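The values are calculated or read from the model by the stated rules, or taken from the named source; none is laboratory data. For clarity, every value in this text was computed on a predicted model and none was experimentally measured. Using ideal geometry, Cβ is built from the backbone for each residue, glycine included, and neighbour counts are taken over all protein chains shown.
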């Protein structure tokens, strides 16, 4: 993989291991970001490490997920985040300033640097030539403390883009096309690097749309070179001084190369309930639409909203459609307010939503029962919109705006090219950082409301585990299935309260049953299918099951972030050696792991379980370091011991 943009940056930041695909490596992290849904727990865990201030070049705390303040919980979390940021040297982006990925791209992202974020869409910053990776909050907390970030060194797939997009086709259609090719499964341990003459035609926000939804592929991250397009964007943000050119070498090596002609791409749509359920819009057009939402970290940039505004200018939305517009940042909102595009949205009949994640995570603007909602966000998992039986379709801003006018899903290519004026990127963005509070480096009193709990601790792994198969589920279980978002996110700082909703959409009795078993000294195991743990980096999908007494999850395959989160909280992620054994294990059966500590210490590839007295073998894909974490009962215990040991020396 020598000579790739991705490996050049990794090489500059490597602190442990070798740059060999499949091996575990540790890299230095320059920047971190958190958002409020995951950040409160990340900072509680950072406090537990006992470090006086962050040791990164830059750390930013954003409030963008739970800004609906129905009750005290979210407001309490916000003031906790603000005061803990002041105390430990973290920039604080206030509620209303925008979505973390959009704001970070505008004001902080830097070519050639590394970024670790407690949000799975952190790779958005790869659009500016940054190695940006999503992770669980505990991994981010360790990075803020100066510890390396460990992960499997990925192989790199090169996607060469040729030519130009046609009018009415956008970068959202590019990534949906790639999802149709690579799907959401089978891409763990991979990074994607974009190249070709076609990338010169894509602005940084368009590139960021592509790297953002790379998260749905299950890859570690995606990245574009840092070139003249990157420099122009940074100059327009008054940040040209952080630019540097980063291009691949002519003899760069890749595991695989895919070539795509941009001029051949057509408008695409992801049908319910998976981002890779992709079809050509032309094949499914005509579906009546109840709701349209334009925004989210995928498509809420100045370019995206201007494209939608120019389509809607002088038009009215269909009487059967409710249209919501959510700018990605205060910068974007202010600019469309000044140039009149905001008025065009309002005059068309749109509802102007807050500059937050909002509808994407089911925090407001939910569709009606059995409604059809066209959205420009990145995920359409069942129930994620806030309405369990709604159908969410993922489309580009152009498709969304036209469909809002017509009242049905329409194909932009059926309209004259004059419908789509060229969107020129500003030579100068509106710069106002007054809602970003810089670090104070003072002994600020940290405010903790009654909803702020303690970081969860687990005990060391016992010599043997005995318990019950508490739940058996199928393929593509997402973190939203495990831990619901939307209105439930207000309990993110209060694990006992949030744990009541584990798997509530699949089995509302699971939490109660599992906690009762724990009180009786009975551990719980969960059995799943392919791609267990898709979606968000939400570590609560590991924390809350751990709190209930889950110590084992068995699946046909795991997604990267969730597998790491399970290990970080002392839960064994075991993979079927024989996938057909999935059918031989039933919910309610008893399991036993004898000498589990010895099995882990001996670095055996297999872990042996007895289920109803029958022997089964499972892979434990864990490095030496991860096995030590499991023995300690989780990363928090492991890191505290390691930091204490280094301090003593």
| Which numbered condition residue 397 fails, given (1) out of contact with any strand residue (DSSP E or B) (no Cβ under 6 Å at 6 or more places or on another chain); (2) within 18 Å of residue 329 (Cα to Cα); (3) buried (at least 18 other Cβ atoms within 10 Å of the Cβ) | (1)
| message | With the requirement that a residue be surrounded by 20 or more Cβ atoms within 10 Å (Cβ to Cβ) and outside any loop (DSSP other than H, G, I, E, B), what does segment 285-296 give you? | response | 291, 292, 293, 294
| Is there a residue being over 23 Å from the mean Cα position of the chain (by Cα) and at negative phi anywhere in segment 473-485? | no
| Got a sec? Which of 175, 260, 210, 246 is in contact with a strand residue (DSSP E or B) (Cβ under 8 Å, 6 or more places away or on another chain), under 25 Å from residue 99 (Cβ atoms) and at pLDDT 95 or above? | 210
| How about segment 278-297: which of its residues are under 22 Å from the mean Cα position of the chain (by Cα) and under 14 Å from residue 374 (Cα atoms)? | 278, 293, 294, 295, 296
| task | Check 610, 636, 566 and return the single one that is outside the structural domain of residue 138 (by TED's automatic domain parsing) and touching a residue at least 40 places away in the same chain (Cβ under 8 Å). | result | 636
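Quick one: would you say residue 122 is touching a strand residue (DSSP E or B) at 6+ places or on another chain (Cβ under 6 Å), in contact (Cβ under 8 Å) with a residue 12 or more places away in the chain and within 18 Å of residue 538 (Cβ to Cβ)? Walk me through how you get there before you give the answer.
On the way: touching a strand residue (DSSP E or B) at 6+ places or on another chain (Cβ under 6 Å): yes; in contact (Cβ under 8 Å) with a residue 12 or more places away in the chain: yes; within 18 Å of residue 538 (Cβ to Cβ): yes.
Yes.
For residues in segment 20-29 being surrounded by fewer than 20 Cβ atoms within 10 Å (Cβ to Cβ) and more than 16 Å from residue 621 (Cβ to Cβ), which is modelled with the lowest pLDDT? Even if it seems obvious, please write down each step before you answer.
Just the residues of segment 20-29 that are surrounded by fewer than 20 Cβ atoms within 10 Å (Cβ to Cβ), to begin with: 20-24, 26, 28.
Now drop any that are not more than 16 Å from residue 621 (Cβ to Cβ), which leaves 20, 26, 28.
Details: 20: 94, 26: 97, 28: 98.
Taking the candidates together, the pick is 20.
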| query | Mind checking which residues of segment 503-538 are in contact with a helix residue (DSSP H, G or I) (Cβ under 9 Å, 6 or more places away or on another chain), buried (at least 18 other Cβ atoms within 10 Å of the Cβ) and closer than 28 Å to residue 65 by Cα? | reply | 503, 510, 511, 532, 533, 534, 535, 536, 537, 538
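Return the only residue of 328, 364 being surrounded by fewer than 24 Cβ atoms within 10 Å (Cβ to Cβ), within 26 Å of residue 36 (Cα to Cα), touching a helix residue (DSSP H, G or I) at 6+ places or on another chain (Cβ under 7 Å) and touching a residue at least 40 places away in the same chain (Cβ under 8 Å).
Values: 328 fails: surrounded by fewer than 24 Cβ atoms within 10 Å (Cβ to Cβ).
Within the list 328, 364, the selection yields 364.
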| message | Among the numbered criteria (1) touching a helix residue (DSSP H, G or I) at 6+ places or on another chain (Cβ under 6 Å); (2) at pLDDT 90 or above, which one does residue 11 miss? | response | (1)
| request: Among the residues of segment 576-610, write down those that are in contact with a helix residue (DSSP H, G or I) (Cβ under 8 Å, 6 or more places away or on another chain), at pLDDT below 95 and surrounded by 15 or more Cβ atoms within 10 Å (Cβ to Cβ). | output: 593, 597, 600, 607, 608
